[in-house]
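*Asks:* Encoded as structure tokens, here's the structure I'll be asking about.
The values are calculated or read from the model by the stated rules, or taken from the named source; none is laboratory data. Computed from a predicted structure; not experimentally measured. Methodologically, a virtual Cβ is constructed for each residue, glycine included, from the backbone with ideal geometry; neighbour enumeration extends over all protein chains shown. Just so you know, the surface numbers come from the protein's heavy atoms only, side chains and all, with ligands and any DNA or RNA stripped out. Shrake-Rupley method; radii C 1.70, N 1.55, O 1.52, S 1.80 Å.
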Amino acid sequence: EDVLMTVQSILIDGAWVPASAVSTFSAVNPNTRQPLSDVYPVSDWSDIDRALEAAAAIADELRRAPGSAIAAFLEAYAARIEGRKDELVAMAHAETGLPVSPRLADVEFPRTVNQLRLAAAAAKEGSWRNATIDTKGSIRSGFLGIGPVAVFGPNNFPFAFGSLSGGDFAAAIAAGNPVIGKANSSHPGTTRLFAEEALQAALAAGLPGATVQLLYRTSHDDGKRWIADRRLGAAGYTGSRHAGLQLKEAADAVGKPIYLELSSINPVVILPGALRERSDELVEEFCGSCLMGAGQFCTNPGLVVLLDDEASRTWMADVALRFDESPRGTLLSPAVESALTSSVEALTGAGARILTTGSGSDPNRCSRPNTLLFVSGDRFIESSEGLQTEAFGNASLVVLCSDGDQMVRVLESLEGNLTGCIISARDGSDDVAYGRIEATLRPLVGRLLNDKMPTGVAVSPAMNHGGPFPATGHPAFTAVGIPASIHRFAMLACYDNVRPARLPKWLQDDPGQSDLWRWVDSGWRQGAI
């Protein structure tokens, strides 16, 4: 007997409503390879159109909303999701296979709540606006919300980068924009739970229902049409390079800002003195970084550059042995498993050789063997495009260079990356080499690390989680770190000879915010002018 299939509703303009669905899908539990019971719609264009219309209708209201109202929403939202922590963690674990503890419950969830509260504090304090006042010329300027923002969340951080909970969401809301979230197909249920609490928090703070809206999936063509729509202010996207570049092309064609996190192999250069000094320690550090979470981090160290000598080959063999002895992590989905298999095949096709001995997949869960590959510096330079294929998961490539000059040439052949690491001797014996490597690597990465592996991304105002293309779409912006990340979803608005009463409150002579810092004529001042 057939059972009537219940399809989850989408969130449009403050109400949960049936989607105009062209098809449906379910998330897959990667720990069992079995589909989960909830069914979600693939929306047609009419759903996107309704969401855009509702967001556009309230954009000016949110842009003018006091920072205290935006902060009240974000603070209430953080408190509400704390009340559903166990449910959120259980759902995310079922949909992604990420461990309940420590990953989801003890690391990613607290980080997410902290991000929301930091965004609330920034919205309330207001200095992110960079209010600038020229009293003599009667010119004033600062940042305003850019308008409706579409956020496309990734598969690997269902909380901290989620489309309705993560850094892009928090930054877009803090700037005073409505957000339309596009759930990642790997964790639609997790995103639905966030949307439920976000809606209630927005209404409780007196904000319109369309402040937060949710769609689950669209066709690629409708996604590109969405990104290019005149009603959209900007978009944030974290995901695969292929899909991201299609969205970028659509956005660029109409001049829409889109902030992308696309691809990064995060080179790690280990200098000879460091290997002589602490080879075993570096085996531990590298394996911990590369295999953590089955390597499913955008900052996973996917490339290691070494001098080809006995110490380097010993270190490489020790890492391969550790990879073979370590358990395989669970990959996020069958699609991630398939992509990792294809990436390793692309690397071997370009000339890399596999050092590790594991093979095959697990019929009961999504996984691939821990894989270490190596290649000569000559071959890397010759085939640098293919050998920079991002293997998203528990795999890394070692490049053995003939001398320091070749190490530099290998680095010069790299695309832009999120991070780059230089591991050096503590006794100063690598200092000259460090200076040369740093000069080459610095302009190629958003974040340069010294004597530290790249995986962790601290939520700090000083953090840059960005970098040159193709790591991201623009090297001047960061996806992590408030207030800098807010500026992606803001426009610089100038008021020339506008009557005082017609100015935004935060540009008037008495903004009523004693803690608001503004640049006035030739210096920073706090509070009333």
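*Asks:* Here are THR389, THR440: which of them is β-branched (Val, Ile, Thr), open to solvent by 10 Å² or more (accessible area, probe 1.4 Å) and in a loop (DSSP other than H, G, I, E, B)?
*Replies:* Checking each option against the conditions leaves just THR389.
*Asks:* Continuing with this model, one more query. Are any residues in the range 185-243 over 19 Å from VAL336 (Cα atoms), part of a loop (DSSP other than H, G, I, E, B) and out of contact with any Pro (no Cβ under 7 Å at 6 or more places or on another chain), and if so, which ones?
*Replies:* Once the filter is applied, which keeps residues that are over 19 Å from VAL336 (Cα atoms), part of a loop (DSSP other than H, G, I, E, B) and out of contact with any Pro (no Cβ under 7 Å at 6 or more places or on another chain), the range 185-243 yields ALA205, GLY206, LEU207, PRO208, SER219, ALA228, ASP229, ARG230.
*Asks:* Counting only residues that are open to solvent by 30 Å² or more (accessible area, probe 1.4 Å) and part of a helix (DSSP H, G or I), how many does the range 56-98 have?
*Replies:* 20
*Asks:* When you look at VAL42, is it closer than 19 Å to PRO158 by Cβ, under 25 Å from the mean Cα position of the chain (by Cα) and touching a residue at least 40 places away in the same chain (Cβ under 8 Å), yes or no?
*Replies:* So VAL42 does not fit the description; no.
*Asks:* A further question follows. Any idea which of SER23, SER37, SER101 is under 23 Å from PHE157 (Cβ atoms), surrounded by fewer than 17 Cβ atoms within 10 Å (Cβ to Cβ), without any contact (Cβ under 8 Å) to a residue 24 or more places away in the chain and polar (S, T, N, Q)?
*Replies:* The unique qualifying residue is SER101.
*Asks:* Restricting the search to the range 200-235, which residues are closer than 20 Å to ALA92 by Cβ and crowded, with 24+ Cβ neighbours inside 10 Å?
*Replies:* Selection gives VAL212, LEU214, LEU215, TYR216.
Table: residues versus (1) touching a Gly at 6+ places or on another chain (Cβ under 9 Å); (2) among the charged types (D, E, K, R); (3) outside any loop (DSSP other than H, G, I, E, B).
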position	(1), (2), (3)
PHE286	no, no, yes
ASN300	yes, no, no
ALA311	no, no, yes
MET316	no, no, yes
VAL319	no, no, yes
PHE323	yes, no, yes
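Matching residues to (1) in contact (Cβ under 8 Å) with a residue 12 or more places away in the chain; (2) surrounded by fewer than 22 Cβ atoms within 10 Å (Cβ to Cβ); (3) of a type outside the set (S, T, N, Q); (4) in contact with a Gly (Cβ under 8 Å, 6 or more places away or on another chain):
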position	(1), (2), (3), (4)
GLY416	yes, yes, yes, yes
ILE422	yes, no, yes, no
ASP427	yes, yes, yes, yes
ALA433	yes, yes, yes, yes
GLY446	yes, no, yes, yes
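*Asks:* Looking only at the range 363-379, decide whether some residue is more than 15 Å from PRO327 (Cα to Cα), touching a residue at least 12 places away in the same chain (Cβ under 8 Å), part of a helix (DSSP H, G or I) and not acidic (Asp, Glu).
*Replies:* Scanning the range 363-379, I find at least one residue that is more than 15 Å from PRO327 (Cα to Cα), touching a residue at least 12 places away in the same chain (Cβ under 8 Å), part of a helix (DSSP H, G or I) and not acidic (Asp, Glu), so the answer is yes.
*Asks:* Next question, about the same structure. Among the residues of the range 9-20, which ones are in a loop (DSSP other than H, G, I, E, B) and surrounded by 19 or more Cβ atoms within 10 Å (Cβ to Cβ)?
*Replies:* ALA19 - this is the single residue of the range 9-20 that is in a loop (DSSP other than H, G, I, E, B) and surrounded by 19 or more Cβ atoms within 10 Å (Cβ to Cβ).
*Asks:* Is it the case, given these coordinates, that ALA131 is modelled with pLDDT under 95 and either open to solvent by less than 10 Å² (accessible area, probe 1.4 Å) or within 29 Å of ILE10 (Cα to Cα) (or both)?
*Replies:* When the stated conditions are applied, ALA131 passes them.
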